[in-house]
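K.L.:
Quick one: the structure is below, and I'll ask about it shortly.
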Amino acid sequence: MAAKLFESIGKFGLALAVAGGVVNSALYNVDAGHRAVIFDRFRGVQDIVVGEGTHFLIPWVQKPIIFDCRSRPRNVPVITGSKDLQNVNITLRILFRPVASQLPRIFTSIGEDYDERVLPSITTEILKSVVARFDAGELITQRELVSRQVSDDLTERAATFGLILDDVSLPPLSLQTHLTFGKEFTEAVEAKQVAQQEAERARFVVEKAEQQKKAAIISAEGDSKAAELIANSLATAGDGLIELRKLEAAEDIAYQLSRSRNITYLPAGQSVLLQLPQ
């Protein structure tokens, strides 16, 4: 009797384990920000896109393929040439995500690694097309225009593959940028900067000399005018002006001497200190 009871319990436990395994294999989870595409062994990829949550499928017949639909960053390095045949190395930063409704087509035509297959190809194509319209100098001075054209063209091209580009960033031209030029162009730019600095310095020297020349002319004209006025005054007033200037000079000298402690005044014609005979 006990043996039959244990046998029944064993069969029930086995049946429960098998049922649990079947139920577990028929369930799958789609996490937040993800979508699932169902591959059926008999009908192929289904057009239905499964949203977030726990879902059922037919075990061993259907298989879920999970896609991340959140924005993800990717850096794409590209070496291309400018309009003036300079080598330009650009690393473009892209934020991308797939269009959820087009996931079955993406999986069928491209595969799960769609970003590895599509983004480097279309980024190289667009960057070469846009950069070829500008010379190396314009890539620096018109960086915003270049970035906008790259973003517009790349967004339009990616849409044909079912991809959305949330942001396309061309790094700023600074010490942290990923945009570099050829050695010859770099040397030419440095030589041009040095020449411009030398030209600015030479222009400053010339302007300084001109200002000094003008100052000397103005000073000479002032001296000439003063001499002319003095000559006219002498011709008009005679020696009176000279005598007046002598008196003014003597007054100034007397004032300066009176303020000095090292000057002693003695009456004229007397020996006050020593009482010496005349």
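The values are calculated or read from the model by the stated rules, or taken from the named source; none is laboratory data. All of these numbers come straight from a predicted model, not from anything done at the bench. We place every Cβ from the backbone using ideal geometry, glycine too, and count neighbours over all the protein chains shown. We work out accessible area using only protein heavy atoms, side chains counted, and drop any ligands, DNA or RNA first. Shrake-Rupley method; radii C 1.70, N 1.55, O 1.52, S 1.80 Å.
K.L.:
N75 versus F204, label points 7 Å from Cα toward the beta carbon: distance in nm?
P.N.:
3.9 nm
K.L.:
In nm, what is the difference between 0.36 nm times the number of residues separating A220 and D113 and their Cα-Cα distance?
P.N.:
Values: separation 107, 0.36 × 107 = 38.52 nm, distance 8.56 nm.
Length gained between A220 and D113: 30.0 nm.
K.L.:
Per-residue counts of other Cβ atoms within 10 Å, averaged by peptide: what ranking do you get for 29-36, 133-140, 209-216, highest first? Let's see the in-between values first.
P.N.:
Details: 29-36: 14.8, 133-140: 17.4, 209-216: 10.0.
Ranking the peptides 29-36, 133-140, 209-216 by packing returns 133-140, 29-36, 209-216.
K.L.:
Let me ask something else about it. Please work out the FRET efficiency for the pair Q196 and S169, using the Cβ-Cβ distance as r and a Förster radius of 22 Å; give the result to the nearest 0.05. Before the final figure, lay out the partial values.
P.N.:
Details: r = 31 Å, r/R0 = 1.41.
My answer for the efficiency is 0.10.
K.L.:
Still on this structure, I have one more. Expressed as cubic angstrom per residue, what is the convex hull volume of the alpha carbon set of region 23-69? List each step's numbers first, then the result.
P.N.:
On the way: hull volume 2.8 nm³, N = 47.
Taking only Cα atoms, region 23-69 has a hull volume of 60 Å³ per residue.
K.L.:
Ok, one more. Using a Cα-Cα cut-off of under 16 Å, which aspartates and glutamates could be cross-linked to K208, ignoring same-chain neighbours fewer than 8 residues away?
P.N.:
Within the straight-line limit of under 16 Å, K208 reaches these aspartates and glutamates: E198, E200.
K.L.:
Just the projected area, averaged over all directions, of the convex hull on the alpha carbon atoms of region 72-185: how many nm²?
P.N.:
Values: hull surface 27.9 nm².
Average of the hull's projected areas for region 72-185 equals 7.0 nm².
K.L.:
I'd like the carbon and sulfur percentage of the solvent accessible area for region 72-185, probe radius 1.4 Å, heavy atoms only, ligands and nucleic acids excluded.
P.N.:
Numbers: 3000 of 6000 Å².
Using a 1.4 Å probe with all protein chains present, region 72-185 comes out at 50 percent carbon and sulfur.
K.L.:
In region 23-69, carbon and sulfur make up what percent of the accessible area (probe 1.4 Å)?
P.N.:
Details: 1620 of 2900 Å².
Reported share for carbon and sulfur atoms: 56 percent.
K.L.:
Right, something else. Assuming 0.36 nm per residue, please report the length gained on full extension of the stretch A249 to A231 beyond their Cα-Cα distance.
P.N.:
Details: separation 18, 0.36 × 18 = 6.48 nm, distance 1.93 nm.
Once the chain is fully extended between A249 and A231, it gains 4.6 nm.
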